[in-house]
1. Count, please, the residues in segment 55-76 that happen to be at pLDDT 95 or above, closer than 23 Å to residue 21 by Cβ and not in a strand (DSSP E or B).
2. Considering only segment 34-49, how many residues are open to solvent by less than 90 Å² (accessible area, probe 1.4 Å) and either of a type in the set (D, E, K, R) or more than 20 Å from the chain's Cα centre (by Cα) (or both)?
3. Hey, can you tell me all the residues within segment 18-35 that are within 23 Å of residue 92 (Cβ to Cβ) and not aliphatic (A, V, I, L, M)?
4. Looking only at segment 37-54, decide whether some residue is part of a helix (DSSP H, G or I) and among the aliphatic types (A, V, I, L, M).
5. Out of the residues in segment 82-111 that are part of a loop (DSSP other than H, G, I, E, B) and modelled with pLDDT under 85, which is surrounded by the most Cβ atoms within 10 Å (Cβ to Cβ)?
6. Any idea which of 79, 114 is part of a loop (DSSP other than H, G, I, E, B), small (Gly, Ala, Ser) and surrounded by 16 or more Cβ atoms within 10 Å (Cβ to Cβ)?
7. Quick one: is residue 31 modelled with pLDDT of 95 or more, under 12 Å from the mean Cα position of the chain (by Cα) and either more than 30 Å from residue 130 (Cα to Cα) or not in a helix (DSSP H, G or I) (or both)?
Amino acid sequence: MSYNRLIIGCGYLGSRAARAWQEQGLSVAVTTRSEERAEEFANQGLQPIVCNVLDPSSLQGLPDADVALHAVGLDRQVGDSMRAVYVEGLRNVLTELEQRIGRMVYISSTSVYGQTDGSVVDEESVCEPTRETACPDEGTSAGRADCGESGGVAESDSC
């Protein structure tokens with residue numbers, strides 16, 4: 001079956017997007033790693049899919065969709081690395097859905113800008129991460145190029 005929307009990672013932000021799209025009358029499928037959460041989503045009229053972005057075989061059941069929203073967060077209790085979840089997990093999802101979605105929307109909460117003073121942050125803002133966790137590629141040359149030579153906290157005016 002095909003859906004109007006597919007949400008990969010239906011946590012804090014994903015569940016709000018699901019509710020908004022559902023209120024617009026769109027068909028919405030959502031993913032979770034938990035059978036209990038899947039039951040909650042089903043009770044809300046959503047189509048739940050239990051999978052894990054780090055297990056490519058579990059992604060084979062993902063449906064076609066007009067739009068897929070990737071809103072996977074890092075669950076520190078599980079112990080997976082940021083790189084695994086944000087980079088390899090996204091790669092697994094894209095590989096599985098490559099020819100089956102119209103548009104992919106990626107949401108990241110890695111805090112690469114770092115401004116905490118209430119100022120407006122946009123594409124022109126200086127990238128000044130304040131935590132090592134601000135860059136999912138930390139420790140790689142690509143991560144250092146994107147987020148400063150430290151691999152997490154920017155040391156220059158650009159990211």
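The values are calculated or read from the model by the stated rules, or taken from the named source; none is laboratory data. These numbers were taken from a predicted model, which means no experiment stands behind them. A quick note on method: Cβ atoms are made from the backbone with ideal geometry, for glycine too, and the neighbour counts reach across all protein chains shown. What goes into the accessible areas is simple: the full protein's heavy atoms, side chains included, and nothing from ligands, DNA or RNA. Shrake-Rupley method; radii C 1.70, N 1.55, O 1.52, S 1.80 Å.
1. Of the residues in that region, 3 qualify.
2. Within segment 34-49, the first condition is being open to solvent by less than 90 Å² (accessible area, probe 1.4 Å), and the residues that meet it are 34, 37-38, 40-42, 45-49.
With the extra rule that they be either of a type in the set (D, E, K, R) or more than 20 Å from the chain's Cα centre (by Cα) (or both), the set shrinks to 37, 40, 42, 45.
Adding up the residues that qualify gives 4.
3. To start, the set of residues in segment 18-35 that are within 23 Å of residue 92 (Cβ to Cβ) comprises 18, 28-35.
The answer is 31, 32, 33, 34, 35.
4. Keep residues of segment 37-54 that are part of a helix (DSSP H, G or I), which gives 37-43.
With among the aliphatic types (A, V, I, L, M) added as a condition, the list becomes 38, 42.
Among the residues of segment 37-54, at least one is part of a helix (DSSP H, G or I) and among the aliphatic types (A, V, I, L, M), which makes the answer yes.
5. At the first step, the residues of segment 82-111 found to be part of a loop (DSSP other than H, G, I, E, B) are 98-100, 107-111.
Adding the requirement that they be modelled with pLDDT under 85 leaves 108-111.
On the way: 108: 13, 109: 12, 110: 18, 111: 14.
Filtering first and then ranking leaves 110.
6. Going through 79, 114 in turn, just one is part of a loop (DSSP other than H, G, I, E, B), small (Gly, Ala, Ser) and surrounded by 16 or more Cβ atoms within 10 Å (Cβ to Cβ): 114.
7. Working: modelled with pLDDT of 95 or more: yes; under 12 Å from the mean Cα position of the chain (by Cα): yes; either more than 30 Å from residue 130 (Cα to Cα) or not in a helix (DSSP H, G or I) (or both): yes.
In short, yes.
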